[in-house]
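Chemist: Quick one: structure below, then a few questions.
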């Protein structure tokens, strides 16, 4: 399916894109090629292919959470410029 110049301008308007004359022609060719590829794909028999949202199985690549003991409070507060009890003391940010 070949797109016309007017159709590309309409698509650009919908996408809120300002295109130069050279870009309109470039995108007309590129978008037409993409649509032609979809026409080829439409010819494939997909009756035995179940609908899916993912083409490959998803897997978690993160390690599971493990509970660990915390650092000692004195080590954490050792370099604090100001502290109050077992907490950092900071200047008020809001009045």
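Chemist: So how much slack lies between residue 60 and residue 20, counting 0.36 nm per residue of separation and subtracting their Cα-Cα distance, in nm?
Modeler: Separation in residues times 0.36 nm, less the Cα-Cα distance, equals 10.0 nm.
Chemist: Related question: Using the eigenvalues of the Cα gyration tensor, what equivalent ellipsoid semi-axes result for region 9-95 when each is taken as the square root of five times the eigenvalue, whole Å, largest first?
Modeler: Three semi-axes, in Å: 59, 29, 11.
Chemist: Of the candidates 32, 70, 55, which one comes out as most mobile in a Gaussian network treatment of the chain with C-alpha springs shorter than 10 Å?
Modeler: Per the Cα network of the chain with a 10 Å cutoff, 70 tops the list.
Chemist: Using alpha carbon centroids, what distance separates region 48-92 and region 1-34, in Å?
Modeler: So the two Cα centres are separated by 47 Å.
Chemist: Calculate how steeply helix 5-14 sits against the longest principal axis of the alpha-carbon atoms of the chain, using the helix alpha-carbon long axis, and give the answer as 0 to 90 degrees to the nearest 10.
Modeler: So the inclination is approximately 20 degrees.
Chemist: Residue 53 to residue 32: FRET efficiency via 1/(1 + (r/R0)^6), r the Cβ-Cβ distance, R0 25 Å, to the nearest 0.05?
Modeler: Efficiency, from the Cβ-Cβ distance: 0.30.
Readers should treat all values here as calculations from the given coordinates under stated rules, not as data from a laboratory. It should be emphasised that the depicted structure is a prediction, and the values quoted were computed from it without experimental measurement. For neighbour counting, all protein chains shown are included, and Cβ atoms are generated from backbone atoms with ideal geometry for every residue, glycine included.
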